[in-house]
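Chemist: Sharing a structure with you now.
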Amino acid sequence: MVTRRAFVSALASSYVASAFRRTLNAAATMKFGYAAITWGSNISQAIDDIAAVGFRGIQLRGEAVAQFGARPQELRDTLARHQLTFAVLSSGNLSIDPAREREMIALHRDHAQFVRDAGGVYLQVIDERPKGRGVVADDYRRLGRLMTELGKRTADLGIPLVYHHHMNSTGEKPHEVDAVLDAADPKHVRLLFDIAHYQQGGGDPVKAIRQYRSWIEVLHLKDVRASLPAVARGAEAGGSGRSGGSGGYEFVELGRGRVDVPGVFAALRDIAFDKWAIVELDRVPDPGRTPKESAEMNRRYLVDQLHQTI
């Protein structure tokens, strides 16, 4: 005879198991892409290498507009042959200078049209931190309003706008990210959450993933560590892994820095994140390594250490 206590216990266990399976299934549907920034202007090589390593999507930058702006169908066909989704276009900086508002909206709307015509999904913007002065409250409000207006225009083309908080931007530190999002309309502006930029900005990316669960539309996955002397010299010579005023730092492959990457993925399971996660490096951190080799390192970490399906 099954007692009421045994029945309730079995029912609870079944519910927990079912919820766990749902969480695993949600994590399994996360889509992994890779950013082509490490390859510079060599987009064809980036497409070949990213597809060969096994990622399902690609993030491109302004070089794609320069090379394929007049023939987006060619880019679309090339990506289709390589079985890659054009997940995100980095549309460049968004200035909050009132005198440039029309220019900014026109520029990024044109980029959104290119994304649409090339079969892409999202348009990413990064804002410019004011130069020569500190950030004031009106900067957050102006940025939020401008992105909301731009997001309305890109949505008309079927392309959602995602905001990439970033070192040396208005949304550098956690309280600044809060202020920017508070000023934006989530119907028209979504968040591209970067675990390493948030860490370097002084935040806890594991906590933030849960905090911003209703905002996050795209992820950037990378790690960050303090700059080594030789690496710091390389960054000064032309890399982008240092931040004025925040100390030397360097973005590195997953598992090589101070981000709690396993904790990040536990949080992603908790929120059942099932959208695009883009692995991104600004540049290859170690001399002698190729962009493809860095991509292979990142893939191995995701598969072997985090048991993800790429």
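Coordinate-derived values only; no laboratory data. Fair warning: this is a prediction, and the values are worked out from it, not measured in the lab. Note: ideal-geometry Cβ built from the backbone for every residue, glycine included; neighbour counts use all protein chains shown.
Chemist: So which GluC sites (Glu not before Pro) in segment 243-308 pass both tests, a DSSP loop state and at most 15 other Cβ atoms within 10 Å of the Cβ?
Modeler: On the way: sites: Glu250, Glu253, Glu280, Glu293, Glu296; in loops: Glu253, Glu280.
Filter output for segment 243-308: empty list.
Chemist: Return the ratio Rg/(2.2 N^0.38 Å) for segment 63-104, where Rg is computed over Cα atoms only. Each step should come with its number before you reach the end.
Modeler: Numbers: Rg = 14.3 Å, N = 42, 2.2 N^0.38 = 9.1 Å.
In units of the 2.2 N^0.38 Å rule of thumb, it is 1.57.
Chemist: I would also like to ask the following. Roughly what percent of Cα-Cα pairs across segment 76-228 reach past 24 Å? All intermediate terms of the calculation are to be shown ahead of the outcome.
Modeler: Numbers: 3770 of 11628 pairs.
It works out to 32 percent of all Cα pairs.
Chemist: Pull up all non-local amide H partners of Val252: gap of 5 or more, or a different chain, and H-to-H distance under 5 Å with H placed in the peptide plane.
Modeler: Asp223, Val224, Arg225
Chemist: Given that compact globular proteins tend to follow 2.2 N^0.38 Å, what is the ratio of the alpha-carbon Rg of segment 173-218 to that value? Can you show the working numbers first?
Modeler: Numbers: Rg = 10.0 Å, N = 46, 2.2 N^0.38 = 9.4 Å.
Segment 173-218 yields a ratio of 1.06.
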